[in-house]
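What follows is one structure encoded as structure tokens, with my remarks underneath.
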Amino acid sequence: MPNIASAKKRTRTTAKRTLINHSRKTRVRGFVRKVEEALAKGDAKAAQAALKAAEPEIMRGVSKGVIHKNAGARKVSRLTKRLAKLAK
């Protein structure tokens, strides 16, 4: 348990940030799941709409630091590739 005031504040700040980061990550996963479900059903229109909503959310996660830049780009790229394959 911290004794110094700045360490106590850091503990409180870390706890708050952890909750925020957790909710952001969960939100990103939810958007990605919607795209994957639409792809699994074979519904190209729904998948396209879901991807259009998911991409900014993934990139927001990248800019906020909850997802690595390359991981975000990789997720978007793979989902886009799967959507293109489905549309053929």
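Only the coordinates and a few stated rules stand behind these numbers; no lab work does. Owing to the predicted nature of the structure, the values given are computational and were not obtained by experimental measurement. Heads up, the Cβs are rebuilt from the backbone with ideal geometry, glycines too, and the neighbour counts pull from every protein chain shown.
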For this session: For every helix of n ≥ 4 consecutive DSSP H residues, a contribution of -39,500 (n - 2.57) applies; sum these over the chain, divide by its total residues, and give [θ] at 222 nm rounded to the nearest 500 deg cm²/dmol.
Result: -31000 deg cm²/dmol
Problem set entry | Mean separation of Cα contacts under 8 Å, 6 or more apart, over the residue count of the chain: relative contact order % | 27 percent
For this session: Please count, across the chain, the pairs of lysine residues with Cα atoms under 19 Å apart that sit 8 or more places apart or on different chains.
Result: 28
Problem set entry | Residue-span extension gain [residue 1 to residue 27] - 0.36 nm each, minus C-alpha spacing | 6.2 nm
Seminar exercise, completed: Classified through the alpha carbon gyration tensor (a ≥ b ≥ c as square roots of its eigenvalues; rounded if a/c is under 1.5, else prolate when a/b is larger than b/c, else oblate), the stretch 5-87 comes out prolate
Exercise. With labels modelled as points extended 7 Å from the Cα through the Cβ direction, what inter-label distance (nm, one decimal) is found for residue 86 paired with residue 60?
Worked result: 2.2 nm
For this session: At most 13 other Cβ atoms within 10 Å and a DSSP loop assignment: could you name the trypsin sites (Lys or Arg not before Pro) in the stretch 1-66 that fit?
Result: none
